[in-house]
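Structure first, then comments.
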Amino acid sequence: MSHSIENLSRRRFIQGFGSVGSALVLGVQLPTHALAQVANSQSFDPDVFISIANDGLVSIISHRSEMGQGIRSTLPLLVADEMEADFDRVNIVQAVADAKYGSQNTDGSRSVRKNYQRLRQAGATARWMLQQAAAKKWQVDADECEVYNHKVSHKTSGKSADFAELVETAKGLTPPTLEQLQLKRNDQLRYVGKDDLPLADGKDFVNGTAVYGYDVELPGQKYAVIARPPVVFGQVKSFDATATLKVPGVLKVIEIPAASAPAFFKPLGGIAVIAENTWAAIKGRDKLKIQWHHGDNANYSTREHEKAFAKTLAQPPITVRKKGNWQKALSASAKQLEAEYYISGLSHSMMEPPAAAAQFKNGQMQVWGCTQTPQSAQRVIGDTLGLKHEQVTVHVTYLGGGFGRKSKPDYMAEAAILAKQSGWPVKMVWTREDEIRHGYYHSPSLQRTYAAIDDKGKTIGWRHAMVMHPINSTFNPNAKSPTFENDLGLGDVPFAIDNILIENGETATFQRIGWLRSVANISNTFAVGSFVDEIAHATGTDAKNHLLQLIGQDAKLDFANQGYNYRNYNESLDDYPLDTKRLKNVIELVAKKANWGRKLPQGHGLGIAAHRSFLSYVATVVEVSMKDGKVKIERIDSAIDCGKVLNPDRVKAQMEGAAVMAASFALRGEITLKDGIVEQGNFDDYPLARINDIPPTHIYLVDSDEKPTGVGEPGVPPFAPALCNAIFAASGKRYRRLPLSQFGIV
């Protein structure tokens, strides 16, 4: 079975796959999703292709990026299963950037959700046409022919034909309409949903042949690093490269114009050093003498700016959601609670920093890189260099992690700029220090929560105010308050409380802000999940039971009558309702599996939290122990309801990875700026979770036939509150700021 990364241009697609004249080529046409056949025609503009070569090899294009989540092991399964292909005779081909595929953005936990039906229809089309081809060949009724495991058989005569034998006949057939397609029933699926599915690229990952952005090597390639402004939107006042050019191997020094607000996905500018190898480029950069003009952002420091956060939350200017009357509930309450939560700025810190290689030749720019958004890269490169988008081809390598950072293609544009200016093929590499000091960051956030409780211990009022640097500031420097971040665990709090008030503060932004795995769900859920536990303790209620009580009766929530335009991850609430029954179900499931309520050893504690994000439902229980003032995570249990599970092993792996990443954020991760400059620079001062931090992690998947929903991100948000709730249960100490390392307990 062949699953190596191969990039595909439209011309190569028509010319490739063995003999095109003997290939059956299928695809899904956008925007109508009508299905059609492609044979020797470059004018058809498909989304997802299927090609059957004359030897029976089925080639399936993967138009999403593989960054460890296993998307190349999952999406092609949908096609292969529906068309009854033998997966050992399937070749997975990586698509280049092209609008014909629809969105290629591998972010937002939506690759499966957005392609599930479309890919099944593509596979069913192939199956239908092969069935019709066999019927025509044997002059029998198509209903008498059965497609199974790369063959079509005739029930009565016993005749059978391999896909290879049917290609020529199938090519001449008219494709079916959507109405003619019959998708498989669940009991007919041979790959989808099975536990023993292979990791398509696993062998390449293990034996070192997988090509990541850092691995690209072009003939005559040179290597580059950039000295970027220490303060975002800073500029070079002057520089002296005399010593740099004396470093053996250094070839050229190029100044890249400084960026100006908005940050968008543009290069930051600075001084690039191009050399014969990476080491020479880095040593040459070290020798640069640069005087910087830092600009206005040098006036800001993270710690000092917390005062601005606190000030705006004293009287939040923006009402996000209003249900009932918070003030009346407060006046009628017998008890009031208030808490303040803070989560620090965070870095993506994927294992592979950004990297891209570029070559400009004959008016065409070719770029190879580890990108989550090849189409955005194509646009940014074209716009930066004044090229038409069709003059730019973006080839997608494997990604050594992404987490949202590699959806911002500034590094791809840097490589293209240097290749065009120098005339050489250039590989642009970011060091770990570059990645941490010049990235797009998850914003720090301050949250204030309030509860009004009646004389029976019932919560009758809930108020929550939040401030953060909004992601919209990346696109609009005047943006001062969250927009879609409110939909990520703040405004959509699913509690059956009569009086709810959700508010936003406003703030200026002095760094590049971008989405990071799970985005504002991280900070919003930390506050909500922790405060729910505080209310439970204050009212003498079991934490799990109290959480279920707050959620209340089974319901499908709609906030339209509360002045809140909930975006629901850009899906309709009719198709993907916020269903409290499913949320309660994962809480009950994980509590049962974790043996919630069991007697624990002295110094141990259990914590629980739950959240719906990216249309999926997750509940997490963490067990910790406290000894000599230090916390140790003893066990992690998580349950997820993500609708129909296509690849159980990949879902479990992503949930396990989410726990590791969430532990890094909660225990140690913190990005701070002083005088506009990021203070951290590598894993010594921005440490990640260590092996000994993560205990056995147990993942439970809800069996469901609901529409598939997100997997990559939903496992992150409940972890931190569950952890801090467990620490409170073990020690009696409540921690409301992250990371926990600042308190000396890690």
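The values are calculated or read from the model by the stated rules, or taken from the named source; none is laboratory data. Only a predicted model underlies this, so the values are computations on that prediction, with no experimental measurement involved. Please note: Cβ atoms are built from the backbone with ideal geometry, for glycine as well, and neighbour counts cover all protein chains shown. Each accessible area value is taken on the protein alone, full model and side chains, heavy atoms only, with ligands, DNA and RNA left out. Shrake-Rupley method; radii C 1.70, N 1.55, O 1.52, S 1.80 Å.
Observations on the structure shown:
- In the set (1) assigned to a loop (DSSP other than H, G, I, E, B); (2) crowded, with 24+ Cβ neighbours inside 10 Å; (3) of a type in the set (A, V, I, L, M, F, W, C), the condition left unmet by VAL467 is number (1).
- Considering LEU78, LEU57, the condition of being open to solvent by 10 Å² or more (accessible area, probe 1.4 Å) and of a type in the set (A, V, I, L, M, F, W, C) is satisfied by LEU57 alone.
- Exactly one residue out of ASN561, ASN545, ASN570, ASN565 is of a type outside the set (Ser, Thr, Tyr), free of Cβ contacts under 8 Å to residues at least 40 places away in the same chain and either crowded, with 20+ Cβ neighbours inside 10 Å or on the phi > 0 side of the Ramachandran plot (or both): that is ASN570.
- Restricting segment 132-144 to residues that are out of contact with any Leu (no Cβ under 9 Å at 6 or more places or on another chain) and not in a loop (DSSP other than H, G, I, E, B), the residue that is surrounded by the fewest Cβ atoms within 10 Å (Cβ to Cβ) is ASP143.
Here is a yes/no grid of residues against (1) among the hydrophobic types (A, V, I, L, M, F, W, C); (2) in contact with a helix residue (DSSP H, G or I) (Cβ under 7 Å, 6 or more places away or on another chain):
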residue	(1), (2)
THR672	no, yes
VAL678	yes, yes
LEU688	yes, yes
ASN692	no, no
PRO695	no, no
ILE699	yes, yes
LEU723	yes, yes
ALA729	yes, no
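- From the list THR709, THR697, THR672, the one residue that fits, being in contact with a Cys (Cβ under 6 Å, 6 or more places away or on another chain) and either surrounded by fewer than 23 Cβ atoms within 10 Å (Cβ to Cβ) or of a type in the set (Ser, Thr, Tyr) (or both), is THR709.
- Count of segment 50-83 residues, restricted to those that are without any contact (Cβ under 8 Å) to a residue 60 or more places away in the chain, in a helix (DSSP H, G or I), closer than 12 Å to GLY123 by Cα and touching a Ser or Thr at 6+ places or on another chain (Cβ under 9 Å), is 1.
- Candidates are the residues of segment 190-232 that are touching a Lys or Arg at 6+ places or on another chain (Cβ under 6 Å) and not in a loop (DSSP other than H, G, I, E, B); the one that is nearest to ASN277 (Cα to Cα) is TYR223.
- LYS480 fulfils the conditions (1) in a loop (DSSP other than H, G, I, E, B); (2) farther than 30 Å from PHE233 by Cα except for a single criterion, (2).
- Failed item, numbered, when THR393 is tested on (1) closer than 21 Å to VAL225 by Cα; (2) of a type in the set (Val, Ile, Thr); (3) open to solvent by 10 Å² or more (accessible area, probe 1.4 Å): (1)
- Of the set (1) touching a Phe, Trp or Tyr at 6+ places or on another chain (Cβ under 8 Å); (2) open to solvent by 10 Å² or more (accessible area, probe 1.4 Å); (3) not in a loop (DSSP other than H, G, I, E, B), all apply to GLU503 but (1).
- Boolean, GLN375 is in a helix (DSSP H, G or I), open to solvent by 10 Å² or more (accessible area, probe 1.4 Å) and either at pLDDT below 95 or polar (S, T, N, Q) (or both): yes
- All strands (runs of 3 or more DSSP E) inside segment 588-669 with 3 or more residues being touching a residue at least 40 places away in the same chain (Cβ under 8 Å) and open to solvent by 40 Å² or more (accessible area, probe 1.4 Å): 630-641
- Every residue from segment 377-397 that is more than 17 Å from GLN421 (Cβ to Cβ) and of a type in the set (Val, Ile, Thr): THR393, VAL394, VAL396, THR397
- Note on segment 407-424: among residues that are touching a Leu at 6+ places or on another chain (Cβ under 9 Å) and open to solvent by 10 Å² or more (accessible area, probe 1.4 Å), the one that is nearest to GLY220 (Cα to Cα) is TRP424.
- Residue list for segment 84-131, restricted to those being closer than 17 Å to GLU66 by Cβ, in a helix (DSSP H, G or I) and touching a residue at least 40 places away in the same chain (Cβ under 8 Å): PHE87, TYR101, SER111, VAL112, ASN115, LEU119
- Consider segment 159-189 and keep the residues that are outside any helix (DSSP H, G or I) and open to solvent by 60 Å² or more (accessible area, probe 1.4 Å). The one that is farthest from MET67 (Cα to Cα) is LYS159.
- Close Cβ contacts (under 8 Å, 6 or more residues apart or on different chains) running from residues in segment 479-497 that are more than 17 Å from GLY563 (Cβ to Cβ) to residues that are open to solvent by 20 Å² or more (accessible area, probe 1.4 Å) and among the β-branched types (Val, Ile, Thr) comprise ALA479/THR509; LYS480/THR509.
- Only listed residue being at negative phi and open to solvent by 10 Å² or more (accessible area, probe 1.4 Å), chosen from SER481, SER443: SER481
- Qualifying position, being open to solvent by less than 10 Å² (accessible area, probe 1.4 Å), closer than 21 Å to ARG110 by Cβ, outside any loop (DSSP other than H, G, I, E, B) and at pLDDT 95 or above, among LEU516, LEU583: LEU583
- Residues of segment 280-326 that are in a helix (DSSP H, G or I) and among the basic types (Lys, Arg): LYS283, ARG285, LYS287, ARG303, LYS307, LYS311.
- In this structure, GLY461 does not qualify as of a type in the set (Gly, Ala, Ser) and in a loop (DSSP other than H, G, I, E, B).
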